[in-house]
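Below is one structure, written out as structure tokens, with a few remarks after it.
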Amino acid sequence: MTRLTAILNSEREFFSRVARAAFLNPFSGSRDELDQSLAGNDVDRKGALDAAIARVADRSAALREALSGSLTRVPVSERETIRTVLLFDLYHRFLDDFDRLIRDQAAAGDTPCPVPFAGKFQAAFNEAGFPGGESRRYLALFYQIRRAFYFIREGLAGSSPSLRRVREHLWQTLFTHNIRWFEQHLWDRMEDFSVLILGETGTGKGTAAAAIGRSGFIPFDPGTGRFSESFTRNFLAVNLSQYPEGILESELFGHRKGAFTGAIDHHEGVFSRCTPHGAIFLDEIGEVSLPAQVKLLQVVQDRTFSPVGSHQRLRFSGRLIAATNRDLTRLRQEGAFRDDFYYRLCSDVITIPPLRQRVRERPEELTELIAGILRRLAGAAPDKEVQVLRRAIERDVGKEYHWPGNVRELEQAVRRVLVTGHYRGEAKQEPAGDLARYLNEAAGMECNAQELLAGYCRLLYERHGTFEEVARRANLDRRTVKKYLQREQCARGDSRGRP
């Protein structure tokens, strides 16, 4: 028996689990469980990922030595699994290098930074037995994966079930639900998948859009030793509501000199400025007039546009991300938003939860958000100061405050308390729209009475957080409430966040 055969026989189950982990969403509960399995049951949950990576590194080192630089020595039936294990290990061996590059690039701005570890990466890639011509693509893929993880994790802090689902969804937006399929077929085609982000004002729609826009695939240029673009240039944001109708078209598509009074020179619009691998974020898409929607529809549909005053057709190669806090269903019913435009935008729809929902699901989320805000403002967030801030806010607005301005309002509340010691908040009560929206949605579906009551219990539970309070308000027995909640949870196919 050769050493390679011995390793494959003894580690077959372990390698199989590593291969499964490599293709799982890192923000999913399934990945958490698999990391724990790889690390071993004697490792606490917090250190599971590091322990799992260390175990993979040990076994991969022995595997590489036994392979002697040739993957063809592995039986065909196991070759794909071993290939995935070696890629998983290679990615994690260069994590610190990728993180350093991300920080350096963020500081450098729009000029692409050198990639000092590119040669070392190629050597390691070849040593693992992979074809040398593929190293550049995997260097770029790994850089994309790390940027996505970095910007999703850093930009959307919090551990409430609803926010965990948002992070998981953002990852799918970038890599689809099947990263193996993405790696083989879609890695350079995601610009065809537009994204629509919904949510109230101040929930973090722009942050979610930035995480997508800064995490696209960027090719590596071996001639310069740099990636072809900086991710800081890859994301262009436009707030559509800030431009008058007459100026909006010029801002989006550009104009030629003399196209209108005051057009004293050529102007490049945002679609012209978008890099080949970039993304454009159109915020407040619900405020756009019908004529502007027609022109934007052509961009999304045909990927072409013309500057104002020109018949020249220019090509848009980036990805389109749009967001609104408006009710697009109502706008479409009223004829204020075109159905064809909506269906072109909604390849993927992400809904950002309001802060009140996040805090109801997980009250400690408010403390963590306050700590993050304080850290950004002051450079540090001592526990004592964080608790002082939270107590001051709850003293002035109460523990059941509805946070109509969401995370953006919380940021201002922290600033206000730091400066004045007080925060009054908004006087209005939490809107009764949650129930109205639920009943409106239920009316459009074929719900029986049991399903309707189960959904109502879920709404009350998200608002009040205990079986007892739901039972009191719905005039039901506590056990009945629990039964309805579990039934509704199963119907949604979502086991996380179960009461």
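Please tell me if Ser77 is outside the structural domain of Arg214 (by TED's automatic domain parsing) and surrounded by fewer than 17 Cβ atoms within 10 Å (Cβ to Cβ). Spell out the reasoning first.
Values: outside the structural domain of Arg214 (by TED's automatic domain parsing): yes; surrounded by fewer than 17 Cβ atoms within 10 Å (Cβ to Cβ): yes.
Yes; evaluated as a whole, the condition is true for this residue.
Can you list the helices (runs of 4 or more DSSP H) found entirely within the range 285-402 that contain at least 1 residues being without any contact (Cβ under 8 Å) to a residue 40 or more places away in the chain and farther than 22 Å from Ile247 by Cα? Explain how you work it out, then say what you get.
Details: elements: 290-302, 328-333, 339-345, 355-361, 364-378, 383-397.
In the range 285-402, the matching helices (runs of 4 or more DSSP H) lie at 290-302, 328-333, 339-345, 364-378, 383-397.
Consider only pairs whose beta carbons are under 6 Å apart and that are at least six residues apart or on different chains; among these, list those whose first residue lies in the range 6-31 and is in the same structural domain as Phe182 (by TED's automatic domain parsing) and whose second residue is part of a helix (DSSP H, G or I).
Final answer for the pair search is none.
Could you tell me whether any residue of the range 32-47 is among the small types (Gly, Ala, Ser), assigned to a helix (DSSP H, G or I), within 30 Å of His277 (Cβ to Cβ) and within 33 Å of the chain's Cα centre (by Cα)? Talk me through it step by step, then tell me what you get.
Quick first cut of the range 32-47, residues among the small types (Gly, Ala, Ser) only: 37, 39-40, 47.
After this cut, where a residue has to be assigned to a helix (DSSP H, G or I) as well, the list is 37, 39, 47.
Among the residues that remain, those that are also within 30 Å of His277 (Cβ to Cβ) are: none.
No - not one qualifying residue is present in the range 32-47.
Being closer than 26 Å to Pro219 by Cα and either assigned by TED's automatic domain parsing to the domain that holds Ala210 or touching a strand residue (DSSP E or B) at 6+ places or on another chain (Cβ under 6 Å) (or both) narrows it down to one of Gly269, Gly286, Gly335, so name that one.
Working: Gly286 fails: closer than 26 Å to Pro219 by Cα; Gly335 fails: closer than 26 Å to Pro219 by Cα.
Answer to the selection: Gly269.
Among the residues of the range 125-149, which ones are of a type in the set (A, V, I, L, M, F, W, C), within 20 Å of Leu63 (Cβ to Cβ) and assigned to a helix (DSSP H, G or I)? Spell out the reasoning first.
Just the residues of the range 125-149 that are of a type in the set (A, V, I, L, M, F, W, C), to begin with: 125, 128, 130, 139-142, 145, 148-149.
Then keep just the ones that are within 20 Å of Leu63 (Cβ to Cβ); that gives 125, 128, 130, 142.
Selection gives Phe125, Phe142.
Within the range 234-248, how many residues turn out to be crowded, with 18+ Cβ neighbours inside 10 Å and part of a helix (DSSP H, G or I)?
Final tally of qualifying residues: 2.
May I ask you to list the residues in the range 90-145 that are within 24 Å of the chain's Cα centre (by Cα), β-branched (Val, Ile, Thr) and not assigned by TED's automatic domain parsing to the domain that holds Thr232?
Selection gives Ile102 alone.
Collect the residues in the range 158-186 that are surrounded by fewer than 17 Cβ atoms within 10 Å (Cβ to Cβ) and farther than 30 Å from Val359 by Cβ, keeping them in residue-number order.
Listed by number, the residues that qualify are Asn178, Arg180, Trp181, Gln184, His185, Leu186.
Taking Ser70 as the residue in question, decide whether it is in contact (Cβ under 8 Å) with a residue 60 or more places away in the chain, outside the structural domain of Glu229 (by TED's automatic domain parsing) and not aliphatic (A, V, I, L, M). I'd like the intermediate steps shown before the answer.
On the way: in contact (Cβ under 8 Å) with a residue 60 or more places away in the chain: no; outside the structural domain of Glu229 (by TED's automatic domain parsing): yes; not aliphatic (A, V, I, L, M): yes.
It is false that Ser70 is in contact (Cβ under 8 Å) with a residue 60 or more places away in the chain, outside the structural domain of Glu229 (by TED's automatic domain parsing) and not aliphatic (A, V, I, L, M).
May I ask you to say which residue of Arg391, Arg360, Arg395 is closer than 30 Å to His464 by Cα, surrounded by fewer than 15 Cβ atoms within 10 Å (Cβ to Cβ), touching a His at 6+ places or on another chain (Cβ under 9 Å) and not hydroxyl-bearing (Ser, Thr, Tyr)?
Working: Arg391 fails: touching a His at 6+ places or on another chain (Cβ under 9 Å); Arg360 fails: surrounded by fewer than 15 Cβ atoms within 10 Å (Cβ to Cβ).
Being closer than 30 Å to His464 by Cα, surrounded by fewer than 15 Cβ atoms within 10 Å (Cβ to Cβ), touching a His at 6+ places or on another chain (Cβ under 9 Å) and not hydroxyl-bearing (Ser, Thr, Tyr) holds for just one of Arg391, Arg360, Arg395, which is Arg395.
Looking at the range 219-256 only, could you name the residues that are free of Cβ contacts under 8 Å to residues at least 40 places away in the same chain and in contact with an Asp or Glu (Cβ under 7 Å, 6 or more places away or on another chain)?
Tyr243
The values are calculated or read from the model by the stated rules, or taken from the named source; none is laboratory data. Small disclaimer: the values here were computed from a predicted structure and weren't measured. With ideal geometry, Cβ positions are generated from the backbone for all residues, glycine too; neighbour counts draw on all protein chains shown.
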